[in-house]
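So the structure is just underneath, and the comments pick up after that.
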Amino acid sequence: MSKRYLITSALPYANGALHLGHLAGAYLPADIYVRYLRLLGKDVVWVCGSDEHGAAITIRAKKEGVSPQAIIDKYHALNKNTFAALGISFDYYHRTSTPLHHQTSQDFFTTLYNQGDQFDERVIEQYYDEEYDQFLADRYIVGTCPKCGHEEAYGDQCENCGSALSPLELINPRSTISGNSPVLRETKHWYFRLDKHEAWLREWIAEGTIAGVPHHQAEQWKKHVVGQCLSWLDGGLQPRSITRDLDWGIPVPLPEAKGKVLYVWFDAPIGYISATKQWAQEKGLNWEDYWKGGDDVELIHFIGKDNIVFHCIVFPAMLRAHGDFVLPRNVPANQFLNFEGQKFSKSRGWGIEQHQYLEEFSDFPNKEDALRYALVRNLPENRDSDFRWDDFVDFYDKELADNLGNFVNRVLVLTQKYYDGVLPEVQVDLSEELLSVRRLVEEWQLEIERFSFKNAIQLVMEISSFGNTYLQDKSPWAIWKTDPDSEEVKECMFVSVQVVALLAVLLEPFLPFTAPRIREVLGLAPVAPGELSATLDKVAAGEPLLATGHRLGEPTVLFPKINDRKDSSRLEIIDRQRLKLQEIMEAEQPITAHEPVKEEIQYDDFAKLDLRTGTIVAAERVPKADKLLKLSVDLGFETRTIVSGIAEHYTPESLAGKQVVIVANLAPRKLRGIESQGMILLAENGEGKLDFVSWTAGFGNGLVVK
């Protein structure tokens, strides 16, 4: 029996739109890997879907004054359509609110319950909101995290430090419904005996074996995944409640459990199974071949680091307790992606959601692959990383436009010019000419199979760089001027076209919108399942991917540059994003009597700021930016250019000679194409007007508002 691959990505909550951090965590890496497997002709199914139960859904519904069903319908459609628009190619995107999923989850619970030793029944004290007359699920309780001190930790998890919690651990808990302090009352719940599975889980995670029998290669698991799991195991596993007092979810299938539902973290991973069932039903296949196929199945979970424990400890214990399911061979969890040095924050407007990107970049050429590439180049595979618009521009202009796009365009244009777009007949040893390329392709395949997608895409760009260097070194244009029939020119163009054809295949998992366009200009049909295997064989054997006499299509510009002197439209799109962040920073900068003092810092934190006084020597408006002024500030030892959003408070003419204080060691940031080399300190007065903070000797040599 041929090996089957079952790939899952974490089910996103259908209570809001998804931002770029979500895409980089669990969905883009999985899409790359699945597309790679399809290119190899593997039997693979990739399932995901909306997680539509739990308190997070009902909290959002209460906030918006609608039903939970209205919330999940809205965000299921939004997220599913956005994924598709970005080329995220699930085989099936399911919903946990479907009857099939409800039945699958209840059957799973019943199988474990009937074993007699997998659950404990406990009467416990649980927080209760007296004003609203209801027990509070974990997400209806917030308080101070006992681990990191974050004041908005939930009753099941602190999203600041990632620690799993119980409501009773929170300091100063309060109800999210009424805002009151809850009281404790007795209620009955069912606990999964996670402690029964501690011994084999430790062996399985640390050694990759179960009772000494090999299961997976533990050394191939990411260190932070294994480390987090072993930390949990070292603390000792405890029975975990898998029921909740909630009116939205899957009813617990027991007579004495009226009014209780399955905990969302119990039913959500079962969503992978129900999604596979639905997919198999529609395909006329047997879902059990992908979940109960033993060593013939590779189950791989793609998640973010906040879900490691559930996918490496809780869900595997559930699967093995059931008795006949496969366990994951790997869980290549990514860490977190930040945005411009800070965490994504919807409340502050800090970041950009996936659907917002598509809307706001609607006129940006190849916007889908531009984003995919920037994210892949910055994936948080082993540590947290940071998405910055400056990096986005550099990746696009220097790598996609100058390297890849330039090479492809030059090769096609020259072949059209010299040979009317038909590959000439040559006698060339490709195995010798492309020896270094063959080695890069071998490394590329190894990196993908290690889930090192950032390294893999850089290897593809190295192949493109090889092509550029090869073409430049050969300089066929110089030879062709005096000898149009030169064999050297024919060989150069033939070899260069082979490199372009190879790139079109290797790029498909990463840039699924660009790769077909390259194949089109090469005169090729879209890539077919299994084509990578044939391509790798030809590269290894030194055989051409395109034969003599093959006719190419018409050249096209794949990536018109952002920093283009003749066309500023793409730069303006980026500048609008930068301006939004600048406005947020400047709006948060002033401290008024009506705002609470921010959390306490130490002197060392303040000492990191390099505050310098300066004099504004010139000011002018920034074209097409109503709020921005471009200032020249003399610091005594140099003059800095600073872009500031103060045009609504000051005219350029009124600023000459003004003394200001600037943060001199703030990282430069481009706004409207102008590099801003610092930030001016301002404060808001009682009338809502921004005033400069200035150094005044008459006030004890201190900073004051003038």
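Quick notes
- Solvent-accessible area of the range 23-77 (1.4 angstrom probe, protein heavy atoms only): carbon and sulfur portion equals 51 percent.
- Shape call, the range 17-136: gyration tensor on alpha carbons, a/c limit 1.5: oblate
- The alpha carbon centroids of the range 327-371 and the range 1-31 are separated by 13 Å.
- Counting only lysines at least 8 places from residue 63 when in the same chain, those with an alpha carbon closer than 24 Å to its own are 74, 80, 260, 343, 346.
- Binning the C-alpha pair distances of the range 269-401 at 10 Å intervals from 0 yields a P(r) profile of 10, 29, 25, 24, 11, 0 %, listed from the shortest bin outward.
- Our coupling estimate for the range 132-143, obtained by passing each phi through the Karplus curve with A = 6.51, B = -1.76, C = 1.60 and θ = phi - 60°, is 9, 6, 7, 5, 9, 5, 3, 7, 8, 10, 10, x Hz, Gly and Pro reported as x.
- Separation of the range 428-491 and the range 216-252, taken as the distance between their Cα centroids, equals 46 angstrom.
- Which of 238, 313, 415, positive extreme of dipole for the chain (C-beta unit charges): 415
- In this structure, residue 81 and residue 465 have a Cβ-Cβ separation that, at R0 = 35 Å, corresponds to a calculated FRET efficiency of about 0.45.
- Counting only GluC sites (Glu not before Pro) that DSSP places in a loop and that have at most 16 other Cβ atoms within 10 Å, the longest clean stretch of the chain runs over 160-424.
- For the chain, the share of DSSP beta bridges that are antiparallel, to the nearest 5, is 75%.
- Overall form of the chain per C-alpha gyration tensor (a/c, 1.5; a/b vs b/c): oblate
- Helix-only CD estimate at 222 nm, as mean residue ellipticity for the chain, using -39500 (n - 2.57) per DSSP H run (n ≥ 4): -11500 deg cm²/dmol
- Annotation: lysines with alpha-carbon distance below 30 angstrom to residue 474 (same-chain offsets under eight excluded): 398, 417, 490, 538, 561.
- For the chain, complete DSSP H runs whose alpha carbons reach 27 Å or more along their own long axis and whose mean Kyte-Doolittle score is -1.0 or higher are 264-283, 453-474, 487-506, 569-588.
- For residue 233 and residue 479, the FRET efficiency from 1/(1 + (r/R0)^6), where r spans their Cβ atoms and R0 equals 60 Å, is about 0.35.
- For the range 403-468, the Cα gyration tensor yields ellipsoid semi-axes of 27, 16, 8 Å (square root of five times each eigenvalue, largest first, whole Å).
- Amide hydrogen neighbours beyond the local backbone of residue 677, cut-off 5 Å, H modeled: 641, 642, 643
- All-pairs alpha carbon distance profile, the range 147-292, 5 Å steps from 0, percent: 2, 7, 11, 13, 17, 17, 14, 10, 5, 3, 0
- 3J(HN,Hα) from dihedral phi, the range 41-50, Karplus parametrisation 6.51/-1.76/1.60, rounded to Hz, x for glycine, proline: x, 6, 7, 9, 10, 10, 10, 7, x, 7
- Sparse-neighbourhood loop sites, trypsin sites (Lys or Arg not before Pro) in the range 170-260 - DSSP loop, at most 15 other Cβ within 10 angstrom: 258
- Low-density loop positions, trypsin sites (Lys or Arg not before Pro), the range 497-589 - DSSP coil, at most 11 other Cβ in 10 Å: 565, 566
- Between residue 157 and 165, the built amide H atoms are under 5 Å apart, and every one of these is 5 or more places off in sequence or on another chain.
- Interchain or long-range residues, amide H under 5 Å from residue 13's placed H: 51
- Per-residue ³J(HN,Hα) for the range 295-301, Karplus 6.51 cos²θ - 1.76 cosθ + 1.60, θ = phi - 60°, Hz, x for Gly and Pro: 5, 7, 10, 10, 9, 10, 9
The values are calculated or read from the model by the stated rules, or taken from the named source; none is laboratory data. The structure presented is a predicted model; accordingly, all values stated were derived computationally and were not measured. With ideal geometry, Cβ positions are generated from the backbone for all residues, glycine too; neighbour counts draw on all protein chains shown. Each accessible area value is taken on the protein alone, full model and side chains, heavy atoms only, with ligands, DNA and RNA left out. Shrake-Rupley method; radii C 1.70, N 1.55, O 1.52, S 1.80 Å.
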